[in-house]
Amino acid sequence: MEPMLITDLPKYQQVAISICERIVDDRYPVGAKISARSTLASTFSVSPETARKAVNVLVDLKIVSTKHGSGVTVTSKSKAQSFLTQYQSVQSIQSINTTIFESINKQRTELDQMTKLIKSLTVQTKKMHHESLFTPYELLLTVEADHLDTSISELNLWHETAATVVGISHDDNLLLSPGPYAKFSENDTIYFIGDEFAKQRMINFFYPQNLKES
């Protein structure tokens, strides 16, 4: 049989499992005297005390027996197999637990990274939005536009759209900071600032027919 991966177990348990593997593989057949504790210590490169504890475990499980002056005798192959099966199940459960905790830790790490990315995105979005408030939108007034030849104050434009007009361009002439009496004419380009919805509100204000058609 394939040797078990037992490096995480106490040394005496590793020795007990190794002895059982040899019993199951018939290298230590039932009835055979496998050796004295001191010889086992040398065979498995452990201290005599560790070998003694390993043998005591197997004696308690009736896998081997000991008699003073006769060494250690194998008494049950089936119990050795049961002992190995039990430890294989324990190792399997421990392996699953380890995998679960590794997965949880990985998810926590990924969640922390995702949280940092979301925070960074939020900061950048707020920064970009703040900066975009001072980047004027443009709107061309064609012949279809409403409110032509009407002043800014008459239109009550800011209250209607929350947009602030910062310039009006006509025939390559740009009027900056137009006062409340400035009027809009056909082919004017309006420059205005506002929040992210300001442009759509201005379009709806000057071209309400598009809104109705949609």
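The values are calculated or read from the model by the stated rules, or taken from the named source; none is laboratory data. Computed from a predicted model, the values in this text were never measured in an experiment. Cβ: placed from backbone, ideal geometry, glycine included. Neighbour counts: every protein chain shown.
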Quiz item: Based on what the data block shows, is Pro29 over 18 Å from Leu84 (Cα atoms), out of contact with any Cys (no Cβ under 7 Å at 6 or more places or on another chain) and not small (Gly, Ala, Ser)?
Solution: no
Quiz item: Are there any pairs with C-beta distances below 6 angstrom linking a residue in the stretch 27-38 that is in the same structural domain as Val64 (by TED's automatic domain parsing) and surrounded by 15 or more Cβ atoms within 10 Å (Cβ to Cβ) to a residue that is in a loop (DSSP other than H, G, I, E, B) and not basic (Lys, Arg), with the two at least 6 apart or on different chains, and if so which?
Solution: Ile34/Tyr28
Practice problem: Scan Val59, Val90 and give me the residue that is farther than 13 Å from Ile19 by Cβ and surrounded by fewer than 16 Cβ atoms within 10 Å (Cβ to Cβ). | Solution: Val90
Exercise. Please go through the stretch 1-42 and pick out each residue that is acidic (Asp, Glu) and at pLDDT below 80.
Key: Glu2, Asp8
Self-check item: Residues within the stretch 59-71 that are touching a Lys or Arg at 6+ places or on another chain (Cβ under 9 Å) and at pLDDT 90 or above, tallied
Solution: 3
